[in-house]
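Structure first, commentary second.
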Amino acid sequence: MSTPPQETPRAAAPRRGPLRRLRQASRTERREWLFAGCLLLPALTMLALFVAYPFARGIWLSGLDSTLGREGDYVGLRNYVKLWYDSIFRRTAQNTFVYTAIATLLKLALGMAVALMLNMLVSFKRLLRASLLLPWIIPTVLSTLAWKWMFDPTFSILNWIVFHLGFVNARVDWLGGPVAAMVSVVLVNVWRGMPFFAITLLAGLQTISPDIQEAAAIDGANAWQRFWRVTWPLLMPVTMVVMLFSVIQTFADFQLVYILTGGGPANSTHLFATYAYQIGIQTGKLGEGAAASLAMFPFLFLVVIFQLWYIRRGEVR
Amino acid sequence: MSGQRARQTAGIPRRTFLKAAAGTAALTGIPGILAAGQAPAYAKGTKLHYLMQLHFVPATDKVFMDQAAEFGKQMGVEIQVERIGQNDVPTRAAAAVEMKSGPDLIQIQNNFPHLLADGAVDVGDIAEAIGKAQGGYYDLPKANAFSAGRWVAVPHDVLSWAWNYRESWLREVGYEKFPDTWEGFREMGKKLKAKGRPVGCAFGHSTNDPNNYCYALTWGFGGYEVEKDGKTVVLDKKGTLEALTLNTAMWKEAMDEGGLSWDDASNNRAFLSGSISVTGNSPSIYPVARDKFPDVYQDMNHAPMPKGPAGRFYQLPTVSVMVMKHCKEPKLAKEFIRYFMAKERYEKWFETADTFAIPPTKIWYDHPVWVKDRKNVVFRDVIKDARWPGYAGPASRKASEAMAKYILVDMYAKAIQGASPAEALKWAAGELRKIYGA
Amino acid sequence: MVAGAWWKRWLCLYLPLAAVVVLTLFPFYYMAVTAVRPDREMYIPWNRPNFAPFWTAHPTLEHFALLFRETLFARWLVNTLLIALGSTAISLFCGLLAAYALARLRFPGGGAMGTGIFVTYLVPQTLLFIPLGEVIRTFRLADSPWALILTYPTFLIPFCTWLMMGYFRTIPRELEECAQIDGATRLQAMVRIVFPVAMPGILSAGIFAFTLSWNEFLYALVFLSSAGQKTIPVGVVSELVRGDTFFWGPLMAGALLGSIPVAFVYSFFVEQYVSAMTGAVKG
């Protein structure tokens, strides 16, 4: 994807504060600002109306010892301190990182492979693309229930398959052991999220001109080199955006774990969102629940800042 | 008297009618108004929103909805009954309490009324009246609806629970009767598993079956979460350790090793399919077997919980009804509860539930529904030995928290997964101390 | 491209692709089998000889019938569709304009604003649906489709904005500069020149936004209460998961009917449109 050289706002106005810029701006500049303001207005209004209050309220709640129906008193950071010493929360944090890292990498690798293969395909491309999108379209709750049925220790079709393929000689308890349960949860997440990667990356691939590939081939690069030296860098901006969304969605995943395992067995699959739900809703400790649910914010924020920085850097170049 | 009421009485059997008459005498208020044919004093458009979980026995929902519609017609108000999945009720209830809007009445499971107490109206007047008219409450349903000195909910029913087993398969390994002690239970399980038909127990994060089994087993060996004071954690004592050791041994010797991931539904299916021979459950397997699995139906029976050194105990799921503080017509809401809990209407509901639901009050103990099918008789007695989470202390918010976090279930699961019983116990006691110490 | 011998093409392309497709679609196949499987055949353990993994002896449509007879499935389908369309339209509109401003116009604080919009995407839903509920109550939207049509954009707008910023950046600036030289205003250049070129991007953002709102569960569960107002995910789960007895047949039937129409529409209409547009632009 070739990005035309452009100046970022910062580069355009070095060392000038916004107010100062406002005063010094020319008429055309001001008109452009006004236009930008008008364009941004609908989005900002919607977000201000519906996100600002819940978010502020959530942060405030995390500093209270409130329970359902009772506002409670201000306790500072005590909820966070309590979480820090909570063995289940530590387990949860560890689970979330493992889950996000493995699932995202798998989705990226698989999605990339599928996108490359689809791009090479001449016929059936449209049909395959549509059918690969199915796991992403089906309501998560329902597909997860279907997986739960496929993982059922007694009726598992998956057991039948791996048994008859000769991989195992006893049943696999897909959601029973701590490792097995995590593997199964990751598997479902990858199944569900891979199409998003594949299709978005495919769209990116289609914008890369075949000429570049051919030129590289003539220069004697083999397929592997062509991918790493040509395709991968060109695809980077799209990949980063897709990764960004995927990391956030995976990190904050709720439905999948809630339905498959409820965080069990023995908390080995709890994620931030499910544990926050357990504390906040099922034990009614709203303050602590808000703290648990906001505890993932700094991590996410770091990830986002890094990725946004990376995306912007690519643009400036 | 209106024609409506005449039609209603014509439709019900005589015995029911007699009881209905008695109920009317005992509960003054709405029935009196109805009898006098007075116009209800509610503004047009008055609406009550009742949130409940889908009942496991679908026919009971029909009975309830009809009664709600009837009440609405008589009072000239609209009753909106909303039914959702069991696991989603707490979410909705929490949102309703915090938003101070939403359903006016919420039917909720287990000890949730303790957690939602701040959003609920005191319903002591009708709870007491119903208890008085119907022979008094059992301990468990009261414990789950009575929080910090006041009735925050009206007990509606208790879900019965017992061991389901295959008679012929037990006979094959030499048991004419279901064992009455935990040691006997273990022996039986060993022999059954050797035949490839193990005992099925759930240890996943699921509200009913895992908790029912784990609490009952712990109590049976004299293990308790806390002392009577409701503060001192005493879980890490000999009793719990014995229960934990026994269960860990049974897991390998006697149980279906898929149970770690089982939820409330898994054992139903496993039992119906014939892959396990014994499992603890509400009578939701039995009716399904009757309709769809005749060979299982013929062969199955129910048995009570084995006795431990400390005795026989049950942990049972309960259902209670709360009137929310944001309800604009709390009086009407209470009248509605009084209406469907009145003997003649409650009886119809309870009969339809077919031993699945145990009434919270004692008057129903001799009801013919219990002896209609000899295999279901056991269900009527389980309530007598039922305790509440947090026993020997009082039921409380903290006990609810311990249950919602699955501390006890996870303790057993950890031991199964390879932690030593002592280690698992230490973890659980530590978690409980954090909860009760806070 | 995989050049050379035919077997190389099979080994590197067709076989792995076939494997991926089979693995991806297998759950759907299994849902379909379960949806037509009578209850009697449902409960056969996997290790029994009569376990029929890939077919069913006596297929039945009773589960589908039950879905339409005893639940308001058709109604939920319409609700879900309207809500998803409404919220996607709002989000696309807001996101499109915002993305254009952030990607194309120079104004103070633009970068920060872009990040700010993105950060709202991080707001954790699991608990903050409660304060959001208070907002819904204040605006008197509870139990109406508007509760969802207006709240889904909270996570769709950041999504659309960022996705489309990416697409706008791939469009050469010269295109609109030419138009402006020809006398078009900035607004005209944006609407007439840039938006049509960005159409594939807009549509793909729209499709993903649509599927996200199609899938949403928590808000739909909390903000809607009448049976006739519910969406497919909430309706199906509310009616068919009864404590310890799951109605697997109808559940799977509902899952299939809740996803296949969308895939169908997607493959037959949107794809045509996208490829037509891309072709036109590139050609």
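The values are calculated or read from the model by the stated rules, or taken from the named source; none is laboratory data. From a predicted model like this one, the values you see are computed outputs, not experimental measurements. Note that each Cβ is placed from the backbone with ideal geometry, even for glycine, and that neighbours are counted across all protein chains shown. Each accessible area value is taken on the protein alone, full model and side chains, heavy atoms only, with ligands, DNA and RNA left out. Shrake-Rupley method; radii C 1.70, N 1.55, O 1.52, S 1.80 Å.
Side notes on the structure shown:
- Within 10 Å of the Cβ of each residue in A:99-112, the mean number of Cβ atoms contributed by other protein chains is 0.
- 222 nm mean residue ellipticity, helices alone, for chain B (DSSP H n ≥ 4; -39,500 (n - 2.57); rounded to 500): -14000 deg cm²/dmol
- Working note: Debye formula, equal point scatterers on the alpha-carbon atoms of the range B:207-263, no solvent; log10 I(q)/I(0) at q = 0.13 Å⁻¹ is -0.38.
- Carbon/sulfur fraction of accessible area - the range B:79-191, other protein chains in place, 1.4 Å, %: 47 percent
- Based on Cα contacts under 8 Å between residues 6+ apart, the range C:106-261 shows a relative contact order of 26 percent.
- Relative intensity of the range A:220-317 on a log10 scale, I(q)/I(0) at q = 0.24 Å⁻¹, equals -1.16, per a Debye sum over C-alpha point scatterers of equal strength in the absence of solvent.
- Approximate spin-label separation B:Arg290-A:Gln225, in nm, with each point projected 7 Å along Cα-to-Cβ: 7.7 nm
- Dipole of the range C:105-218, positive direction: furthest Cα of C:Ser213, C:Cys160, C:Ile130, with charges on the beta-carbon: C:Ile130
- The range C:114-250: Cα Rg divided by the 2.2 N^0.38 Å rule of thumb: 1.42
- Working note: 222 nm ellipticity from helices only, DSSP H runs with n ≥ 4, each -39,500 (n - 2.57), summed and divided by the residues of chain C, gives -20000 deg cm²/dmol to the nearest 500.
- Per-q log10 I(q)/I(0), the range A:65-200, q = 0.11, 0.21 Å⁻¹ (Debye; single scatterer per alpha-carbon; no solvent): -0.62, -1.24
- Over 25 Å between alpha carbons, listed pairs B:Lys398/B:Lys426; B:Lys44/B:Lys100; B:Lys62/B:Lys398; B:Lys228/B:Lys375; B:Lys132/B:Lys405: B:Lys62/B:Lys398; B:Lys228/B:Lys375; B:Lys132/B:Lys405
- Pairs of C-alpha atoms in chain C farther apart than 26 Å represent 59 percent of all such pairs.
- For the range A:182-209 and the range B:62-123, distance of Cα centres in Å: 42 Å
- Averaged over the residues of peptide B:96-105, the number of Cβ atoms from other protein chains lying within 10 Å of each residue's Cβ is 6.
- The residues of the range A:62-91 occluded by other protein chains by 10 Å² or more of accessible area, set against the chain on its own, are A:Thr67, A:Leu68, A:Gly69, A:Arg70, A:Lys82, A:Tyr85, A:Asp86, A:Ser87, A:Ile88; surface from heavy atoms, 1.4 Å probe.
- Rounded to 5, the percent of DSSP beta bridges in the protein assembly as shown classed as antiparallel: 65 percent
- By the combined test of axial Cα extent (at least 20 Å) and Kyte-Doolittle hydropathy (mean at least 1.6), the qualifying DSSP H helices of chain A come to A:232-251.
- Mean Cβ neighbour count within 10 Å, used as a protection proxy, ranking A:167-174, C:118-125, A:178-185 highest first: C:118-125, A:178-185, A:167-174
- Put a dot 7 Å past the Cα of B:Lys372, heading toward its Cβ, do the same for B:Lys328, and the two dots end up 4.1 nm apart.
- Shape class for the range A:180-237, computed from the alpha carbon gyration tensor (a ≥ b ≥ c): prolate, with a/c not under 1.5 and a/b above b/c.
- Percent RCO, i.e. relative contact order, over chain C, from Cα pairs under 8 Å lying at least 6 residues apart: 29 percent
- Backbone N under 19 Å from the C:Tyr29 label point (7 Å along Cα→Cβ), restricted to the range A:150-172: A:150-152, A:156-167
- A Förster radius of 60 Å combined with the Cβ-Cβ distance from C:Arg173 to C:Ser226 puts the calculated FRET efficiency at roughly 0.75.
- Only beta bridges with both residues in chain B are counted; by DSSP, about 60 percent of them are antiparallel.
- A:Trp84 paired with A:Ser209, simple spin-label distance in nm, labels 7 Å along Cα-to-beta-carbon: 5.6 nm
- Overall Cα dimensions of chain A - principal axes, largest extent first, Å: 69, 64, 30
- Taking the chain by itself as reference, the range C:46-67 contains these residues with an accessible-area loss of 20 Å² or more in the full protein complex (1.4 Å probe, heavy atoms): C:Trp46, C:Arg48, C:Phe51, C:Pro53, C:Phe54.
- Sorted on the mean count of surrounding Cβ atoms within 10 Å across their residues, most packed first, peptides B:82-93, C:34-45, A:155-166 read B:82-93, C:34-45, A:155-166.
- Note on A:Ile218/C:Ala89: beta-carbon distance plugged into 1/(1 + (r/R0)^6) with R0 of 51 Å gives a FRET efficiency of 0.60.
- Accessible area in square angstrom per residue, chain A, 1.4 angstrom probe: 43 Å²
- Lys, Arg +1 and Asp, Glu -1 on Cβ, resulting dipole of chain A about Cα centre, debye, nearest 20: 1000 debye
- Of the DSSP H helices in chain C, those that are both long (alpha-carbon extent of 27 Å or more along the helix axis) and hydrophobic (Kyte-Doolittle mean at least -1.0) are C:15-35, C:73-104.
- Taken about its Cα centre, chain B carries a charge dipole of about 660 debye when Lys and Arg each add +1 at the Cβ and Asp and Glu each add -1 at the Cβ.
- Protection proxy ranking, peptides C:14-26, B:267-279, average beta carbon neighbours within 10 Å, highest first: B:267-279, C:14-26
- Shielding by other protein chains, A:122-135, mean Cβ within 10 Å: 5
- Tail weight of P(r) past 22 Å, computed on alpha-carbon pairs of the range C:3-111, percent: 68 percent
- Taken about its Cα centre, the protein assembly as shown carries a charge dipole of roughly 1460 debye when the Cβ of each Lys and Arg holds +1 and the Cβ of each Asp and Glu holds -1.
- For the range A:102-157, fraction of C-alpha pairs farther apart than 18 Å, in %: 54 percent
- Farthest toward positive dipole pole in the range A:207-317 [+1 Lys/Arg, -1 Asp/Glu at C-beta], among A:Thr250, A:Gly220, A:Ile281: A:Ile281
- Listed residues A:Val304, A:Leu34, A:Asn169: farthest to the positive end of the dipole of chain A (Cβ charges): A:Leu34
- Close amide-amide hydrogen proximity is noted between B:Glu78 and B:Thr46, B:Lys47, B:Leu48, each under 5 Å apart and 5 or more residues distant or on a separate chain (H modeled in the peptide plane; Pro and chain starts excluded).
- Computed lengthening from C:Gln180 to C:Ala57, 0.36 nm per intervening residue step minus Cα-Cα distance: 37.4 nm
- FRET efficiency for the B:Tyr42 to A:Trp309 pair, using the beta carbon distance and R₀ = 51 Å, is estimated at 0.25.
- Cα-based values for chain B, radius of gyration first and Dmax second, are 22.5, 70 Å.
- Relative to the dominant Cα principal axis of chain B, helix B:343-353 is inclined by about 40°.
- Accessible surface buried at the A:C interface totals approximately 9700 Å², computed with a 1.4 Å probe on protein heavy atoms.
- D (Stokes-Einstein, µm²/s), Kirkwood Cα radius, the protein assembly as shown, 0.692 mPa s at 37 °C: 106 µm²/s
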